[in-house]
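Single-structure report; data block below.
The values are calculated or read from the model by the stated rules, or taken from the named source; none is laboratory data. Just so you know, these numbers come straight off a predicted model, no measurement behind them. Here the Cβ is made from the backbone with ideal geometry for all residues, glycine too, and neighbour counts use every protein chain on show. What goes into the accessible areas is simple: the full protein's heavy atoms, side chains included, and nothing from ligands, DNA or RNA. Shrake-Rupley method; radii C 1.70, N 1.55, O 1.52, S 1.80 Å.
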Amino acid sequence: MQKLLTTFALACLSLSLQAQDLQAQISQKASAILPEVIKWRRYLHQHPELSNREFKTAEYVAAHLRSLGISVQTGVAKTGVVGLLKGGKPGPVIALRADMDALPVQEKVDVPFKSTVTAEYLGQTVPVMHACGHDSHVAMLMGTASVLAGMKKDIAGTVKFIFQPAEEGPPGDEEGGAPLMVKEGVMDNPKVDAVFGLHISSAIEAGHIQYKPGAAMASSDWFTIAIKGKQAHGSAPWNSVDPIVAGTQIINALQTIVSRQANIVEAPVVITVGKFHSGVRNNIIPEEALLEGTIRTLDSKMQQDVHQRIRRTALQVGAAAGAEVKVTIDTKTLVTFNDSALVQRMLPSLQKAAGANNVSVMNWVTGAEDFSFYGTKAPAFFFYLGGMPKGADPRKAPGHHTPDFYIDDSMLDTGVKAFCHLVFDYGQTTSNRK
């Protein structure tokens, strides 16, 4: 009996030493690749491309993956790149995702790698900027590929690197982004067992990681409300059915869905009207008005309930004014849902990457992510990585999608470490369970 206990203890010690050695290897390799990750990120920042137009970015990524001996597929969902790395041991298929597209934003931050790029967007020439950090996502996943390719023989399973276009939404009526990636089979052949993604944040201190089990980011629905009234001279409103007045009443009524109808104890709800188009002259009451906006919910049942309430509210308010109303709602993303069991299982991986004291639970985020579509095909875990300079005030941090957006890229190796630990730990624990 004593001999068995001794053997067991030695085996446990051996596993512990192997785990420590692996962690040290990942840390050393991620730190060593950091200068390259920063270089890649700054190059991509200086050469941004809009959604579904990431041609040069895709070439840049594909060339890097091929240089590592990774099998590469290009042209996925228009400009997407998928790399496949088979480990030296049997195990699961683990997907890691980074988004590649930039935004039509004019950069104001005075950095040496500032973007001066312009491009065509919906028929207009616009400035282009990585105003949401996708350049850092791509660079970190490129760095992860470098580290994992060098540790290939120790990986249990297969790693699928997903470099996705059009996360910000394809232009016009084009298809794109994660929905098209999924439609074209990126989660199959081979079938993905778990998928992981991260997002840089300008308001979380660099090197820190935040996460939330369950519903983490909101669904995003875009709506239009078309109002048809009756045109008349501005001096005789009684001869009109004024679509502007009806539109303002609809806008006010929509806010009561949030303040008086939705149970926000269960989950937050946001309804925002961002556009109001009507009229051509100050003394003419126009015939038509168009409202456009967004809906954010963090519960799928509440999402459908809010849709019904918006339709009912707009139609009835319009009817009271004598106007015809048509409501159209287009779902852009689902709720980004982190599989709670997967989060609990992989939390130690994030703690290895950033340090236990630098990993914490976050609140709901009413921003949306099309990463949510991958979660319909496999257990998913999406988390945030800090990019705010140390000591800065998060309340004053420049927001995403703004000209002043800025991140400190000196600790992007934390994201590389996180991805690497997730791959090794998920592969090892899955193989042990089988």
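Helix 413-433 axis versus longest C-alpha principal axis of the chain: approximately 70°, rounded to the nearest ten. Among A232, A30, A131, the residue with the largest mean-square fluctuation in a Gaussian network model of the chain, with springs joining Cα atoms closer than 10 Å, is A232. Looking at the chain, the accessible area is 46 square angstrom per residue; that uses a 1.4 Å probe and ignores ligands, DNA and RNA. Other residues with beta-carbon under 14 Å from the beta-carbon of V269 carry, at +1 per Lys or Arg and -1 per Asp or Glu, a net charge of 0. Between the amide H of E49 and those of A102, distances stay under 5 Å, these residues lying 5 or more places away or on another chain, with hydrogens modeled in the peptide plane.
Would you work out which of L85, L334, I33 lies farthest towards the positive end of the dipole of the chain? Charges go on Cβ: Lys and Arg +1, Asp and Glu -1. Going by the charge dipole, the pick is L85.
Could you tally the net charge around L85, taking each other residue with its Cβ under 10 Å from the Cβ of L85, Lys/Arg +1 and Asp/Glu -1? The partial results should precede the final answer.
Working: positive: K86, K152, K160; negative: none.
Result for the neighbourhood of L85: +3.
Expressed as a whole percent, the accessible area of region 261-381 that falls on carbon and sulfur atoms is 48 (1.4 Å probe).
When the helices of the chain are scored as -39500 (n - 2.57) per DSSP H run of n ≥ 4 and the total is divided over every residue, the value at 222 nm lands at -12000 deg cm²/dmol.
For region 319-421, the Cβ-based charge dipole about the Cα centre amounts to some 300 debye (Lys, Arg positive; Asp, Glu negative; other atoms uncharged).
Give me the dipole magnitude in Debye, nearest 20, for region 13-100 about the Cα centre, with unit charges on the beta carbon: positive for Lys and Arg, negative for Asp and Glu.
Numbers: 11 positive and 6 negative charges, 20 e Å.
Dipole of region 13-100, to the nearest 20 debye: 100 debye.
Averaging the Cα positions of each part gives two centres, and for region 192-210 and region 298-327 these lie 36 Å apart. For the options Q303, Q46, Q261, a Gaussian network treatment of the chain with springs between C-alpha atoms closer than 10 Å singles out Q261 as fluctuating the most. A cut-off under 10 angstrom between Cβ atoms defines the neighbours of A119, and their net charge, with Lys, Arg +1 and Asp, Glu -1, is -1. Centroid-to-centroid, using Cα positions, region 212-278 and region 386-434 are 36 Å apart. A DSSP coil position with no more than 12 other Cβ atoms inside 10 Å describes none of the chymotrypsin sites (Phe, Trp or Tyr not before Pro) in region 120-216. Residues of region 306-340 with an amide N closer than 11 Å to a point placed 7 Å from the Cα of K230 along the Cα-to-Cβ direction: 322-323.
Between 0 and 90 degrees, the angle of helix 134-150 with respect to the longest Cα principal axis of the chain falls at about 20 degrees. Considering only A166, G185, I200, the residue lying farthest towards the positive end of the dipole of region 161-204 is I200, judged by Cα position with unit charges set on Cβ. You can think of it this way: the chain between R281 and E36 has 82.5 nm of extra reach, that is 0.36 nm per residue less the Cα-Cα gap.
If you take the square roots of the eigenvalues of the alpha-carbon gyration tensor of region 106-204 and sort them as a ≥ b ≥ c, do you get rounded (a/c under 1.5), prolate (a/b over b/c) or oblate? Taking the square roots of the gyration eigenvalues as a ≥ b ≥ c, region 106-204 is oblate. Between the Cα long axis of helix 55-67 and the first principal axis of the chain there is an angle of about 10°, rounded to the nearest 10. Dipole magnitude for region 89-198: computed about the Cα centre from +1 point charges on Lys and Arg Cβ and -1 point charges on Asp and Glu Cβ, it is near 680 debye. Under a Gaussian network description of the chain, with springs only between Cα atoms under 10 Å, the residue in E167, E107, E287 that fluctuates furthest is E287. Taking each of K39/K160; K89/K377; K78/K326; K39/K108; K56/K153; K301/K377 in turn, the alpha-carbon distance tops 29 angstrom for K78/K326; K56/K153.
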